[in-house]
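Engineer: My structure is below; once you've seen it, I'll send some questions.
The values are calculated or read from the model by the stated rules, or taken from the named source; none is laboratory data. Computed from a predicted structure; not experimentally measured. All Cβ positions, even for glycine, are placed from backbone atoms using ideal geometry, and neighbour counts span all protein chains on display. The area values use the complete protein model at the heavy-atom level, side chains included, leaving out ligands, DNA and RNA. Shrake-Rupley method; radii C 1.70, N 1.55, O 1.52, S 1.80 Å.
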Amino acid sequence: QVQLVESGGGLVQAGGSLRLSCAASGRTFSIFAVGWFRQAPGQDREFVGAITWNTSTTTYPDSVKGRFTISKDNTENTVYLQMNSLKPEDTAAYYCAAGPNFSWASLRYRYWGQGTQVTVSS
């Protein structure tokens with residue numbers, strides 16, 4: 001089994017930055033990729049980006065490309081989501097997820113964290 005714990009959310013002004021953390025434990029050897037997703041009230045779950053566990057290959061949608069960066073600390077088994085130039089539209093609950101596929105689809109991920117709230121004020 002894999003356990004994921006997100007942290008680092010909070011309130012920030014537009015244009016500011018936040019770094020979210022996703023700490024993985026358990027059978028991390030079974031993880032091929034970690035994805036980040038966000039969901040605002042009344043909206044669908046949205047893909048934010050993903051990283052492969054072993055090679056740190058990343059992929060991002062156009063909505064965050066150039067502003068968000070995903071990285072991994074191999075010694076700590078922690079994946080980070082660095083968010084810069086934040087906009088009010090980025091306000092959402094952010095989740096990390098792990099699974100056997102490097103995918104943009106939430107259904108392809110097996111394990112999920114509890115989520116952390118990010119609120120961007122205008």
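Engineer: Give the residues of the stretch 46-102 that are hydroxyl-bearing (Ser, Thr, Tyr) and under 13 Å from the mean Cα position of the chain (by Cα), sorted by residue number. Don't jump to the end; show me each part of the working.
Structural biologist: So in the stretch 46-102, the residues hydroxyl-bearing (Ser, Thr, Tyr) come out as 52, 55-60, 63, 69, 71, 75, 78, 80, 85, 91, 94-95.
If the condition is that a residue be hydroxyl-bearing (Ser, Thr, Tyr) and under 13 Å from the mean Cα position of the chain (by Cα), then 52, 58, 59, 60, 69, 71, 78, 80, 94, 95 are the ones that fit.
Engineer: Scan the stretch 1-14 for residues that are open to solvent by 40 Å² or more (accessible area, probe 1.4 Å) and among the acidic types (Asp, Glu) and jot them down.
Structural biologist: None; the set is empty.
Engineer: Separate question: Test each condition in (1) within 17 Å of residue 99 (Cα to Cα); (2) over 14 Å from the mean Cα position of the chain (by Cα) for residue 42 and report the one that comes out false.
Structural biologist: Residue 42 satisfies all of (1) within 17 Å of residue 99 (Cα to Cα); (2) over 14 Å from the mean Cα position of the chain (by Cα) except (1).
Engineer: Look through 34, 64 and report the one residue that is within 21 Å of residue 122 (Cβ to Cβ) and modelled with pLDDT of 95 or more.
Structural biologist: Values: 34 fails: within 21 Å of residue 122 (Cβ to Cβ).
Just a single option satisfies the conditions, and that option is 64.
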